[in-house]
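The values are calculated or read from the model by the stated rules, or taken from the named source; none is laboratory data. None of the values given here were measured: they were computed from a predicted structure. Just the protein is used for accessible areas: all its heavy atoms, side chains included, with ligands, DNA and RNA removed. Shrake-Rupley method; radii C 1.70, N 1.55, O 1.52, S 1.80 Å.
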Amino acid sequence: MDAESSNAWNGLGWARFHQGKHDEAIEAFERCLEIEPNQAGAENGLGQLYLSRGDFECAEKYLLNAAPTAAAWFGLARLYLLQENFTEALVWITKIESQQGLTPVMKQMKDAAEKKELPADLRAMLAPTASGPR
C-alpha cells in the first residue's frame, strides 16, 4: 500500500527469500536500500543471499553493513571460516556467544576457528549451495 515504505520492501525481500525467489528478493532488498540506505535487515538479506551464492566479496560488504544484527554476525563467521580466516571468524563467533550463547553448530564453528582447521563435514555444512540460501 505504501510503495515508499522501506519496511515493506524489506519484508517483501525476506518473504521472497524464504519462498526461494532469490532474484526477486534481491530486487526488493535493493529497493529498500534506495529508500533507506543502510537498513540493517535488507543489508543482512543481501549478505545472506550473496554468501549462499558463493559471492564472498559482495556478501562481506553487505554483512559488515548489517553487523549490528546477530544474523549478520553468523553470516560473517560462516564467510570467514569458509575463507579460512579463522581470526576474523572467531571475532564474530565470540560476539554471538556473548549475546546469546552458542548452538551446537556454532560450537563446532568456534572449535574450528580456535584450532585453525575447518573439518570437511563442517565445510560442507557451511558451504554455499547452487540453489541459494538453505
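Distance check, please: which entries in Lys61/Lys107; Lys21/Lys95; Lys95/Lys116 exceed 27 angstrom between their Cα atoms? If you can, show how the numbers build up before the last one.
Numbers: Lys61/Lys107 25 Å; Lys21/Lys95 31 Å; Lys95/Lys116 18 Å.
The answer is Lys21/Lys95.
Taking Rh as the Kirkwood radius, which is the inverse of the mean 1/r over Cα pairs, what is the Rg/Rh value for the chain? We get a ratio of 1.00 for the chain. Averaged per residue, the range 1-80 has 47 square angstrom of accessible surface, using a 1.4 angstrom probe with ligands and nucleic acids left out.
Taking all protein chains in place and a 1.4 Å probe, what share, in percent, of the accessible surface of the range 56-134 do carbon and sulfur account for?
Working: 2270 of 4210 Å².
Solvent-exposed carbon and sulfur of the range 56-134 make up 54 percent of the total.
With the full set of protein chains in place, find how many percent of the accessible area of the range 1-53 is carbon and sulfur; take the probe as 1.4 Å. All intermediate terms of the calculation are to be shown ahead of the outcome.
Working: 1280 of 2690 Å².
Exposed carbon and sulfur together represent 47 percent of the surface.
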